[in-house]
Amino acid sequence: MSGTLTSLTDAVVPLAAEAEVTGLGWLKDTAAFALADGSVLLAKPDGASHRSAAHPEGAILVAACDGKRLLTGGDDGRIAATGPDGATATVAEAKGGAWIDALALHASGAFAYAAGRTVTARDDKGRSKTFEAPSTARGLAFAAKGYRLAVAHYGGATLWYPNLDAKPEMLDWKGSHLDVTWSPDGRFVVTSMQENSLHGWRLAPDRGHMRMSGYAAKPRSTSWSFGGAWLATSGADAAVIWPFDSKEGPTGKPPRECGLRHSRVTRVAFHPSVNVLAIGYEDGCVLLVRFEDGAELLVRRATPGADVTALAWNGRGGQLAFGCRDGSAGLLTLSA
Amino acid sequence: MSDKIPVTVLTGYLGAGKTTLLNRILTEQHGRRYAVIVNEFGEIGIDNDLVVGADEEVFEMNNGCICCTVRGDLIRIIEGLMKRRGKFDAIIVETTGLADPAPVAQTFFVDQDVGERARLDAVVTVADAKWLMARLKDAPEAKNQIAFADVVLLNKVDLVSAAELDEVESRIRSINPQATIHRTTNCNIPIAEVLDRKAFDLDRIMEVEPDFLEAGHHHHHDDEMVSFSFRAGEVDPDKFMPWISDLTQREGPNILRCKGIVAFPQEPKRFVFQGVHMILDGDLQREWRPDEKRESRVVFIGRGLDRQAYEEGFRACAA
C-alpha cells in the first residue's frame, strides 16, 4: 500500500440513508438503496433524493435489480417492485407472511423468491411454479441464458427449469450452502458456504468440483468480471479473485489478491466494462483497484461502524454507489 | 461485548410449560422488548411482529468435528433480526420438546457472524414436577435438557406432594448440580430470575453458581449422566491447554458442558473457559483480586465420563 493513494473522495456525494443498507441497484441514472427500515431511497448522482415506503411494516432483507425496477423482499413476507420515480407495488406475497430469504431477477422480467423451503418462480407471463428445496433455500440465481434457476441449500445446490417437467438436478456437496452465482457463460455454478469457503461445480464437460477455501469469514459477496474470466469474492483482508478463464475453472490455480488492508472485505463489485474492481471493507473504506497492476484509488476513507453492506455500479459504469451498516451511503461519479 | 444482544434458550419436554412461560414474558410489563424465535407458530396466541417461526434445521459443520452441529435456521434468523436492531433488547429461542440443546448453544460459538452480534445468555429448562421422573426414565432428550440447563424451572409444583417435590429436585441435582432451580406454578416467577442471567458470560461463569464456589468436590451421578468438579492451585498453561483441548476433542461427544476458571503462574488475569461438546471458548478475563485465592476450578457434565481419569489429568497440570 502506498502512502500517496490517489483520492476520488471529492467526487463522492454523501447520502444519509438513515438505516442499514441491505441492497442496492441502479435504475438507469438513479441509485435505489433498499433499507432495513423498509423503505427504498432513490438518489440521483447530484444527491437529490426521495424515499418510497416499499415495506411499511417490515425490514428489507434482500433485493435484486434489473435496471428497470428494484425488487425487495422483506420480513413482512412481501415482495415489492419500486421504479425510479418511487412508485412501488406488491408483486408477490409469501404464504403466512414468511420472511423472504432470497430473490433473483431474470433478464426477461421473470423473478424468483424463496421463503423457507419453498421457492417460487414467476415468468414474464405471470405463470408461477414452485419447488420445495430439501432444506431452507438460502440463495437463488438465474442462468444468463434460458429460464433456469440455481437454488443453494444444505447439502448442495439444485438446478431447476421452472417451466419444464424435467426433474430438478441436485449438485451435491456436504455442508451448508448460502449464496449462489452462475458464471455469465453458464458453465460454472458457485456457492458460498458456512465453512468460510466457496464451492463450485463445472457443469461441462465433467461435473467436476472446485473448492475455494482459505477465507477468514464467509465470502458472502461475489462479482464476475465483465467477460466472466474472473470471480471476485469478499471474506478476506483483500479481495480474492479466482480465474475462470479456462474450462477447468480455478482448480489447481492460485487466486489473485487485490486491495490488501487491515480490514475484512465485505462487498465486491466489478466494473461493467473494464477490469476495475470496487471493494468495500468492514471498516467503512471503499477502494477502486485496477486489476492489471493493482493500482488503487480511494473512494471513501475508513469510517468505523460504517461497514460497507452494499456496492453497485450503474449500467454504463460511470457511477458507483455504496451503502453501509450505519445508514451512511454515497455516490461516486467518475469524470469522462 | 456489552452491545451484543443477549439470547436465552428455552427448552423443556413436551407439556412442561414452555408456552406458558413465553406468553408471560410477552404479555407482562417488564420494560424489556423481546424478539422470540418459536418452533411452532400458532401456539403463542400473541400477534407480535417480533415472533419468528423457525425450522430447527440442525446442520453438521464440515470441519472434521463429528459432534459439531449448528442450527442453520438460527444463523439466518439472527442475521435477519439484526436488521431490526434497536426494536428489541433480547432474543428468546424456544426449542421443541424433543430437541437437543447442544446445536443451539454451539451456534453461538461456531458461527462468527452470530457470535459477533449476539451472546448466549443462559439455557433455561422448564420441567414438569409431576412427570419429570418418568420422562427421565424413558426420554433421553429430557435428561439432556436438564443436564444442559443453567436455570431449571421446576413447574407445576402444585400437582405433587412436598416429598415428591424434594425427590424430583434431588434427582435434578444428581444430573446437574450447577443449575439454579426455581419451584413454580404456572411458570409464575419474576422474569428477571430467568432472563439476562449472564450464565454463559465467561467473566461471570462461576459467580452465578454459589454452590460451586462454596462446596468442595461434587460427584453426583445417575445411571449415565455424570457431573463433577475439581479444584487445584495454579496450573501450568503448557500442560493445561493441551490437556483440555485434547480431552474435549476425544471425549467431546460425551461431554455436554464444561467450564472453569484457571490460575496460571505469573498471570495477573483469570483464564476462564467453557465448552459445549468439542467446542471450547476461553479467554483471559479480569485480574485476580488481592483478596481472592488463586485457585483453578473446573466442572464437567456429561455421559459416562471417567471421573478418575479426568481428575488425574487435571491434577497432572499442576504448576
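A few points about this structure:
- Each Lys or Arg adds one and each Asp or Glu subtracts one; over the other residues with Cβ under 12 Å from the Cβ of A:L287, this totals +3.
- Fraction of accessible area attributable to carbon and sulfur, segment A:81-214 (%, probe 1.4 Å): 50
- Across segment A:239-336, counting alpha-carbon atoms alone, Rg and Dmax equal 13.9, 42 Å.
- Longest stretch of chain B clear of exposed loop sites (GluC sites (Glu not before Pro), DSSP loop, at most 14 other Cβ atoms within 10 Å, sites excluded): B:44-206.
- Max mean-square fluctuation residue, GNM over chain B, Cα-Cα springs under 10 Å, options B:M133, B:M225, B:M241: B:M241
- The string of couplings for segment A:146-153 from the Karplus curve (6.51, -1.76, 1.60, θ = phi - 60°) is x, 9, 9, 10, 9, 10, 8, 7 Hz, one whole number per residue in order, with x for Gly and Pro.
- Under-5 Å amide H pairs with B:T180, H placed in peptide plane, nonlocal only: B:V151, B:V152
- Label-point gap, in nm, between B:K87 and A:R256 - each point 7 angstrom along Cα→Cβ: 4.3
- Overall size of segment A:1-116 from C-alpha positions, given as principal axis extents largest first: 54, 32, 30 Å.
- Gap separating the Cα centres of segment B:251-319 and segment A:204-265, nearest whole Å: 41
- Gyration tensor (Cα) of segment B:56-151, equivalent ellipsoid semi-axes in angstrom: 26, 18, 10
- Solvent-accessible surface of the protein assembly as shown, averaged per residue with a 1.4 angstrom probe and all protein chains in place: 40 square angstrom.
- Each Lys or Arg adds one and each Asp or Glu subtracts one; over the other residues with Cβ under 12 Å from the Cβ of A:W201, this totals +1.
- Cα convex hull volume per residue for chain B (Å³): 137
- B/A buried area, accessible surface, summed, 1.4 Å probe, Å²: 2200
- Shape summary: segment B:1-160 maps onto an equivalent ellipsoid whose semi-axes, from the alpha-carbon gyration tensor, are 25, 21, 13 Å in decreasing order.
- Computed log10 I(q)/I(0) for segment A:276-330 at 0.23, 0.24, 0.31 Å⁻¹: -0.85, -0.90, -1.22, from the Debye equation with unit scatterers placed on every C-alpha and solvent omitted.
- Karplus 3J(HN,Hα) series, Hz, for segment B:183-191 with 6.51 cos²θ - 1.76 cosθ + 1.60 (x for Gly, Pro): 8, 9, 10, 6, 6, 7, 7, x, 4
- Computed label-point distance, nm, for sites B:L284 and A:L334 using a 7 Å Cα→Cβ extension: 4.8
- Spacing of the modelled spin labels on B:E312 and B:Q249, each 7 Å from Cα toward Cβ, amounts to 2.1 nm.
- Distance distribution P(r), segment A:194-287, all Cα-Cα pairs, bin width 5 angstrom from 0: 3, 15, 25, 24, 19, 10, 3, 1, 0 percent.
- For segment B:103-203, projected area of the alpha-carbon convex hull averaged over all directions, nm²: 7.1
- Taking one quarter of the surface of the convex hull spanned by the alpha-carbon atoms of segment A:28-71 gives a direction-averaged projected area of 2.9 nm².
- Normalised size of the protein assembly as shown, defined as Cα radius of gyration per 2.2 N^0.38 Å with N residues, equals 1.03.
- Where N is the number of residues in chain A, Cα Rg divided by 2.2 N^0.38 Å: 0.94
- Binning the C-alpha pair distances of segment A:158-202 at 5 Å intervals from 0 yields a P(r) profile of 5, 19, 28, 23, 16, 6, 2, 0 %, listed from the shortest bin outward.
- Residues in segment B:101-122 occluded by at least 50 Å² - accessible area, probe radius 1.4 Å, against chain by itself: B:Q112
- Integer Hz, Karplus 6.51/-1.76/1.60 couplings in order for segment B:245-252, x for Gly and Pro: 5, 5, 4, 6, 5, 6, 9, x
- If you take all other residues with their beta carbon under 14 Å from the beta carbon of A:T191, and give Lys and Arg +1 and Asp and Glu -1, the sum is +3.
- For segment A:210-229, residues shielded by at least 40 square angstrom of accessible area compared with the chain on its own, probe 1.4 Å: A:K218
- GNM top mover of B:D281, B:D291, B:D196 - chain B, alpha-carbon springs below 10 Å: B:D291
The values are calculated or read from the model by the stated rules, or taken from the named source; none is laboratory data. These figures come from a predicted structure and were not determined experimentally. Note: ideal-geometry Cβ built from the backbone for every residue, glycine included; neighbour counts use all protein chains shown. Just so you know, the surface numbers come from the protein's heavy atoms only, side chains and all, with ligands and any DNA or RNA stripped out. Shrake-Rupley method; radii C 1.70, N 1.55, O 1.52, S 1.80 Å.
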